[in-house]
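Everything below concerns the one structure shown next.
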Amino acid sequence: IHMDVSFESSEEFQEVKRAFLLHGALAGLKPEEVAVGPDVIEGMPIIGAERTAALFAEAGFSPPTPFFHALWYRGWMARAV
């Protein structure tokens with residue numbers, strides 16, 4: 001099982017980020033409080049599902065099966081082959 005921050009493009013991230021920031025504002029949080037998570041994520045080296053699958057294969061695992069996706073978090077399951 002592997003969980004990671006993952007998105008396919010910066011456009012996808014920006015779309016989710018806008019929704020995340022709006023949700024925080026509607027919850028009454030200050031913009032600087034809500035922005036902490038997305039600001040950290042933007043500085044991380046993020047890869048998408050296709051590259052994740054390639055890394056699984058390189059490490060000797062079966063193709064990963066996605067089982068979780070919420071905001072920018074994704075989860076995959078794979079078996080050693």
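The values are calculated or read from the model by the stated rules, or taken from the named source; none is laboratory data. Just so it is clear, the model here is predicted, and its values are computed rather than measured. Using ideal geometry, Cβ is built from the backbone for each residue, glycine included, and neighbour counts are taken over all protein chains shown. Side chains included, ligands, DNA and RNA excluded: accessible areas come from the protein's heavy atoms. Shrake-Rupley method; radii C 1.70, N 1.55, O 1.52, S 1.80 Å.
Here is a yes/no grid of residues against (1) charged (D, E, K, R); (2) in contact with a strand residue (DSSP E or B) (Cβ under 8 Å, 6 or more places away or on another chain):
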position	(1), (2)
V5	no, yes
L26	no, no
R51	yes, no
E58	yes, no
P64	no, yes
Looking at (1) at pLDDT 95 or above; (2) open to solvent by 40 Å² or more (accessible area, probe 1.4 Å); (3) touching a Ser or Thr at 6+ places or on another chain (Cβ under 8 Å), which one does P64 not meet, given that it meets all the others?
(2)
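Condition first: among the acidic types (D, E) and closer than 30 Å to A80 by Cα. Can you find one or more residues in segment 33-44 that meet it?
Taking segment 33-44 as the starting set, the residues that turn out to be among the acidic types (D, E) are 33, 39, 42.
Subset that is closer than 30 Å to A80 by Cα: none.
No, that holds for no residue.
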Is at least one residue of segment 43-57 loosely packed, with under 12 Cβ neighbours inside 10 Å, of a type in the set (A, V, I, L, M, F, W, C) and in a strand (DSSP E or B)?
no
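Report yes if some residue within segment 7-30 is of a type outside the set (S, T, Y), part of a strand (DSSP E or B), open to solvent by less than 60 Å² (accessible area, probe 1.4 Å) and in contact with a helix residue (DSSP H, G or I) (Cβ under 8 Å, 6 or more places away or on another chain); otherwise report no.
No, because not a single residue in segment 7-30 is of a type outside the set (S, T, Y), part of a strand (DSSP E or B), open to solvent by less than 60 Å² (accessible area, probe 1.4 Å) and in contact with a helix residue (DSSP H, G or I) (Cβ under 8 Å, 6 or more places away or on another chain).
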Here the residues within segment 42-68 that are of a type in the set (A, V, I, L, M) and touching a Lys or Arg at 6+ places or on another chain (Cβ under 8 Å) are A49
Confirm whether P38 is open to solvent by 60 Å² or more (accessible area, probe 1.4 Å) and either out of contact with any Cys (no Cβ under 6 Å at 6 or more places or on another chain) or among the β-branched types (V, I, T) (or both).
no
H69 vs (1) part of a strand (DSSP E or B); (2) in contact with a Phe, Trp or Tyr (Cβ under 9 Å, 6 or more places away or on another chain): all pass except (2)
Only one of these is touching an Asp or Glu at 6+ places or on another chain (Cβ under 8 Å) and of a type in the set (G, A, S): G48, G28, G60. Name it.
G48
